[in-house]
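Read through the structure below, which is laid out as structure tokens, and then see the notes.
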Amino acid sequence: MNHGAITVGIRESGSLFNPKIKRSPTKYVDYSNINPEVARKINDIRISEVREVCTKLNRICSYFPTMRFIGWDVVVYEDRIVLLEGNARPGINNPQIHGPLKKGREKYFEL
């Protein structure tokens with residue numbers, strides 16, 4: 001169980017949106033209420049490699065056919081992508097703060 005996590009939505013285009021901070025297992029705070037200037041800067045970020053990251057992660061997932069869901073921790077640098085870890089039992093509440101995982105996003109999540 002994590003506390004104090006920061007979660008940010010990412011669109012298929014790679015643009016980030018809606019940063020939130022997890023204050024407790026059930027309470028999320030909109031980051032723009034805490035630091036509006038930083039929240040605006042986060043919303044201006046675009047990760048152009050998002051398709052490349054998804055393609056590589058899907059290839060890696062094929063090595064684990066019995067795992068139905070893997071939560072990946074990834075760091076995108078300017079010159080490389082680093083996979084920190086894959087979590088067999090990731091929480092799915094944080095990503096759904098930004099919208100349902102599947103509704104209207106099937107294509108994105110099933111590259």
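The values are calculated or read from the model by the stated rules, or taken from the named source; none is laboratory data. Predicted model, so just to flag it, every value in this text is computed and none were measured. With ideal geometry, Cβ positions are generated from the backbone for all residues, glycine too; neighbour counts draw on all protein chains shown.
At-a-glance table
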read-out	value
Test: residue in segment 83-98 that is small (Gly, Ala, Ser), surrounded by 12 or more Cβ atoms within 10 Å (Cβ to Cβ), in contact with a helix residue (DSSP H, G or I) (Cβ under 6 Å, 6 or more places away or on another chain) and modelled with pLDDT under 85	no
Residue within segment 50-73 that is surrounded by 15 or more Cβ atoms within 10 Å (Cβ to Cβ) and modelled with pLDDT under 80 present	no
Residues (touching a Leu at 6+ places or on another chain (Cβ under 9 Å) and either under 22 Å from residue 17 (Cα atoms) or among the β-branched types (Val, Ile, Thr) (or both)) located in segment 58-82	60, 70, 72, 73, 74, 75
